[in-house]
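Taken together, the values in this text are just the output of simple stated rules run on the coordinates, not laboratory data. Owing to the predicted nature of the structure, the values given are computational and were not obtained by experimental measurement. Note: ideal-geometry Cβ built from the backbone for every residue, glycine included; neighbour counts use all protein chains shown.
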Amino acid sequence: MAPRPDLAPDPSLSRAEMEALQEEIADVAVFADRDLGFDPAEPAALSNPLAATAGGGDPPTVVGVDQSFLLTDDDREDRAISAVVATRAGEVVERVSEVTPLEIPYIPGLLSFREGGPILAALSELSVEPDLALFDGSGRIHFRQAGIATHMGVVADFPSVGVAKSLLCGTPRGETEGLAEGDRVAIEADGDVDAPKGTLLGYAVQSRQYDSPGRHINPLYVSSGHRVGPETAAGAVLELCSDYKLPEPVRLADAYAEDVKGEYVE
DNA sequence: GCGACAG
DNA sequence: ATCTTGTCGC
């Protein structure tokens, strides 16, 4: 495979052109493990220093991507702060951020056309090569199987995973309320998705859960972005969650994006 | 017309 | 996403 800058999100396209581009993205995307820089059977190498060193070579580089926003009255001068944090065996090795003007409003299903450009701008400042990139949003769990994680993975050509806090589309194969920590429930294609009904799109993943009843934490919705299969995606996210609901790289990117925003306000 | 969806 | 106080439970 190779990077596909020609498929980068262009905010000036018409809605129909955006949707057509997403169909093309989904067409070239690989929703299975391919050329991974780590062993999917040993996800511990992603966060555990001991397991990471065991193999002999360099520990895989895992990056988390997230954004914060500077919103205005009329949403014509909104800016996005994109943050990327790179980790290796659980340690931060690099972080970059970029402030970018936003061209279009948020439209469900077309998120990557609003936020994708800003994210690519930040990624271009990164000096390390990601072995895995985690995004705040959907991957294959998308109407046209081309969520922001898939779009970014295909354009930059690195393994990517979508980590969403709510379900965009698709149907869980079972109950997703009050799951136990480590549980996963398959999300399959339904009539709203451009894929054969029943196609496995991803998993509801319970990364954290309270011990006692009463209150419960909602699961994350994890899906393949590009070059990662659904099981590996779910396993990687669980491995990368230590003490919080979000996988560490994404949590760190979220905090960094908030920090940078703080320098523009208050 | 009804339904309705990441960030 | 962002704007915000209090409040529940460990």
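Worth pointing out:
- Candidates A:S14, A:S212, A:S97: whichever shows maximal mean-square fluctuation once chain A is modelled as a Gaussian network with Cα springs under 10 Å: A:S212
- For chain A, the 222 nm mean residue ellipticity estimated from helices alone, with every DSSP H stretch of n ≥ 4 adding -39500 (n - 2.57) and the total spread over all residues, rounds to -8000 deg cm²/dmol.
- Sorted peptide list for A:136-144, A:152-160, A:117-125, A:5-13, criterion being average Cβ within 10 angstrom, highest first: A:136-144, A:152-160, A:117-125, A:5-13
- Nitroxide proxy distance, nm - points 7 Å out along Cα→Cβ at A:E263 and A:N218: 3.2 nm
- Spin-label pair A:K165/A:E17, simplified geometry with 7 Å Cα→Cβ offset, distance in nm: 3.3 nm
- Backbone HN-Hα couplings from phi across the stretch A:20-25 [Karplus 6.51/-1.76/1.60, Hz, Gly and Pro as x]: 5, 5, 5, 5, 5, 4
- Net length gained if the chain between A:D35 and A:N48 were fully extended (0.36 nm per residue, minus Cα distance): 2.6 nm
- Cα-Cα P(r), chain A, percent of pairs per 5 Å interval: 1, 7, 13, 18, 19, 18, 13, 8, 3, 1, 0
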